[in-house]
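Q: Here's a structure for you.
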Amino acid sequence: MSEPAQNEDYSESRLQYLHDVLESGRMRRLKPMLHALHPAETALLLEGVPRAKRELVWGLVPEDDHGEVLLHVNDEVRAELIEGLDDSVLLKATEGLEMDDLADLIEDLPEEVTQQVLRSMDRQNRERLQAVMSYPADSAGGLMNPDTVTVRPDVSLDVVARYLRQRGQLPDATDTLFVVSRYGRYLGMLSLAKLVTLDAEHDVSEVMDTSVEALPVDLSSSQVAKRFQDLDLTSAPVADDEGMLLGRITIDDVVDVIRDEAEHSIMSMAGLDEEEDVFAPIARSARRRAVWLGINLATSFLAARVVGLFEATLEEVVALAVLMPIVASMGGIGGSQTLTIMIRGLAMGQIAFSNARALLIKELAVAVINGLVWAVVVGVIALMWFGNPVLGIVIGSALILNQIGAALAGVTLPLAMRKFGIDPALAGTVVLTTITDVVGFGLFLGLGTLFLL
C-alpha cells in the first residue's frame, strides 16, 4: 500500500475511533490520543466531529495546544469554539504563539481578550504585532514573522557564534541568519550550516548568500508560494520599499498558503467557501448553496429558452431531441478542460494577457482536432441509429463548432473575470456551462432547421 493511502487509512481509523468513543460515552479514553496528536491533527479531528459533540472533545484537548489548534481549524469552527470559551482560557491560549500566528488568531478574539493580550506585552512586541496586523492577511507582510536574528557583514563567524551562544535561544524554524547594514537594510543571508562548517575567521561578508532577494512586503501570498517553489527556499526575508528588513517567512507558512489555495480552488468550483464547517447548521448551509443553485437555475432557463425557439423543429425531427444533449455535453467537457488549465496557469503566474494569444491558438487547434475526431464518431453513430446521413453531418458540424466556442470561452472567460476582479474559480464553471449549452443547442437545432426541414 502506498504511503498516501496508509496516511489516509490512519486518519480514517482515528476518526472512527473518536466516533466510537463518543457513542460509548467513555470520554476518558480519548485523552491519551489527543495528548499524542499534533495540534494540526487535533484540529482535523475537531472539524470531523458533529457540532453537538465538539465541545466534549475540545474539553479533553491539552491546554498547551489550545492556541495552535484554534489556528489550524477553519474559520467557522474557530468562531464556534471561541464563542464557548471563557476569556481566561482564550488569554492563556495566546501564550507562546509565534508573532505571525498570534496576529492571525487575535483578529478573531473578543475585543476584551484582545486588549488584555496587548496590555500583557511589552512595548516592542506590541508594536511588532500591530505592524504585522497592519498588512493584508494574504500578503507577505501578513504572513511574515518579525522575529528574526540579524548580524552585520563586517564581523567574523566566530563573533556570530559567540553571539548566538550568549543569546541562548533562537526563534522556531530558524535555519538562516539575516545580514543587515547598520541601518537595518537587508544585504544577504547566512545559513547556520555555513556558520558551523566554515573557518571561524571568515567575515560574514565573505560567505553570506546574496542571491536571494527580499520579498516585497506587499507581495501576494500566492506569489510568495511561487517564489519559494521556484527557488527551493525554506525561509526568506521580507523588506519594505526601501529594503529595510521587516521579518521572515518560513516554509511552514507557505505550506499553509498552498493548502488554502488548493481548498479554495476545489470548493469554489461548486460555489462553496473553503472555510465552511462540514457540520455547519442546516439552515446556513442551505442558504449558502441556494444562491448558486438559483444562479444555475437562471442559466438553465436561458438554455431552455434557446431550445424553445426550435419547438417546431423538434416536433418535426424527434431525433434532434434525442441527440441534442450530446453536443452540449461534449462542449462542456472540452471547455472545462481549457478553463481548468487557465485557472491553474493564472494562479501559478504562468498565464497573463501577454501570452494568452498563443495559448488561445493552441487551445483552438486542440478543439478543432478533437472536434473532427469525435464529430466523425458521433456522425457515424447517428447515421447507424437513425439512418439519416444529413443528421450525422448536422450533429458532427455542431459538435466541431461548439468545441471551438468552448475553447474560446475557456481561455477568454478567466482573463475577463480577472480583469474585473471576479474569481474565475468561483464563477467560471457556471458561465462556461451556460455558454456551451446555449451555443451547443443553438448550433445543433439551427443547423437541423436549415438542413432537415
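Q: For the condition touching a Pro at 6+ places or on another chain (Cβ under 7 Å) and either surrounded by fewer than 22 Cβ atoms within 10 Å (Cβ to Cβ) or touching a residue at least 24 places away in the same chain (Cβ under 8 Å) (or both), what is the one hit in L413, L450?
A: On the way: L450 fails: touching a Pro at 6+ places or on another chain (Cβ under 7 Å).
The unique qualifying residue is L413.
Q: Shifting gears a bit: Can you confirm whether the range 418-430 contains a residue that is within 15 Å of A356 (Cα to Cα) and surrounded by fewer than 22 Cβ atoms within 10 Å (Cβ to Cβ)?
A: yes
Q: Only one of these conditions is not met by M1: (1) in a helix (DSSP H, G or I); (2) at pLDDT below 85. Which number is it?
A: Just one mismatch for M1, condition (1).
Q: Now for a different question. Please find, among M342, M384, the residue that is more than 20 Å from V439 (Cα to Cα) and touching a helix residue (DSSP H, G or I) at 6+ places or on another chain (Cβ under 7 Å).
A: On the way: M384 fails: touching a helix residue (DSSP H, G or I) at 6+ places or on another chain (Cβ under 7 Å).
M342 is the lone residue from the list that is more than 20 Å from V439 (Cα to Cα) and touching a helix residue (DSSP H, G or I) at 6+ places or on another chain (Cβ under 7 Å).
Q: Return yes or no: is P171 closer than 21 Å to L198 by Cβ and either modelled with pLDDT under 95 or surrounded by 13 or more Cβ atoms within 10 Å (Cβ to Cβ) (or both)?
A: Here the answer is no, as P171 does not meet what is asked.
Q: Out of all the residues in the range 212-228, is one or more of a type in the set (D, E, K, R) and either exposed (fewer than 13 other Cβ atoms within 10 Å of the Cβ) or more than 31 Å from the chain's Cα centre (by Cα) (or both)?
A: No, that holds for no residue.
Q: While we're here: Out of V196, V224, report the one residue that is among the hydrophobic types (A, V, I, L, M, F, W, C), without any contact (Cβ under 8 Å) to a residue 40 or more places away in the chain and on the phi < 0 side of the Ramachandran plot.
A: After ruling out the rest, the residue left standing is V196.
Q: Hey, L323 hits all of (1) modelled with pLDDT under 75; (2) surrounded by 15 or more Cβ atoms within 10 Å (Cβ to Cβ); (3) not polar (S, T, N, Q) but one; which does it fall short on?
A: (1)
Q: Right, something else. Can you confirm whether M133 is touching a residue at least 24 places away in the same chain (Cβ under 8 Å), within 21 Å of A103 (Cβ to Cβ) and hydrophobic (A, V, I, L, M, F, W, C)?
A: So M133 fits the description; yes.
Q: For R344, all conditions in the list (1) part of a helix (DSSP H, G or I); (2) buried (at least 17 other Cβ atoms within 10 Å of the Cβ) hold save one; what is the number of the exception?
A: So the condition that R344 fails would be (2).
Q: Name the residue that is surrounded by the most Cβ atoms within 10 Å (Cβ to Cβ), counting only residues in the range 229-241 that are acidic (D, E) and more than 18 Å from D175 (Cα to Cα). Don't jump to the end; show me each part of the working.
A: Pass one, the range 229-241, residues acidic (D, E): 230, 232, 240-241.
Next cut, more than 18 Å from D175 (Cα to Cα) only: 230, 240-241.
Numbers: D230: 9, D240: 15, D241: 8.
Ranking the candidates gives D240 first.
Q: I'm trying to understand the selection: among the residues of the range 189-212, which are over 17 Å from T250 (Cβ atoms) and of a type in the set (D, E, K, R)?
A: Going through the range 189-212, the residues over 17 Å from T250 (Cβ atoms) turn out to be 194-208, 210-211.
The answer is K194, D199, E201, D203, E206.
Q: I'm trying to understand the selection: among the residues of the range 373-418, which are more than 21 Å from P325 (Cβ to Cβ), among the hydrophobic types (A, V, I, L, M, F, W, C) and at pLDDT 90 or above?
A: Within the range 373-418, the first condition is being more than 21 Å from P325 (Cβ to Cβ), and the residues that meet it are 389, 408, 411-418.
Within this subset, residues satisfying the condition of being among the hydrophobic types (A, V, I, L, M, F, W, C) are 408, 411, 413, 415-417.
Listed by number, the residues that qualify are L408, V411, L413, L415, A416.
The values are calculated or read from the model by the stated rules, or taken from the named source; none is laboratory data. These figures come from a predicted structure and were not determined experimentally. Glycine also receives a Cβ, built like all others from the backbone with ideal geometry; neighbour counts cover every protein chain displayed.
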